[in-house]
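A short write-up of the structure that comes next.
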Amino acid sequence: MSLNKSERRQRIKFRIRKIVSGTAARPRLSVFRSNKEIYAQIIDDVNGVTLLAVSSRDKAIVKGTNIETAAAVGKLIAEKAIEAGIDTISFDRGGYLYHGRVKSLAEGARAAGLKF
């Protein structure tokens, strides 16, 4: 039985989510990337609440290359999280490889002060 790309990513995502979970003290930073955009959410899984959300579609994000835009999204979500009193998170790469845009978003968030 062969898996297509989305089924394979779904399996990887479930495998990651068995381990990575967000709490009120240490929420989860979830990443989703489409072909054009990248989205990041900070989620408290215990209460089932999205605390913050930022995407590359926001007006505050200056468009550039995909890597630069992802770094800007990471920086913006980190700034909003620190304002909300969140400084430590667990990173959920959402079944994507830690490479390219996902890595850039994570490094942008770390550079802005988030710890994970």
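Values in this text are rule-based calculations from the coordinates and carry no lab data. Just so it is clear, the model here is predicted, and its values are computed rather than measured. Glycine gets a Cβ as well: all are built from the backbone with ideal geometry, and neighbour counts include every protein chain shown.
Quick notes
- Ordering Arg15, Arg26 from the fewest to the most neighbouring beta carbons within 10 Å gives Arg15, Arg26.
- Mean separation of Cα contacts under 8 Å, 6 or more apart, over the residue count of segment 5-111: relative contact order %: 30
- Helical runs assigned H by DSSP (4 residues or longer) give the chain a calculated mean residue ellipticity at 222 nm of -11500 deg cm²/dmol, each run adding -39500 (n - 2.57) before division by the residue total.
- In terms of Cα atoms, the Rg and Dmax of segment 1-62 work out to 14.1, 45 Å.
- Cα pair count fraction exceeding 16 Å, expressed as % - segment 73-114: 30
- Cα-based Kirkwood hydrodynamic radius, the chain, one decimal, Å: 14.3
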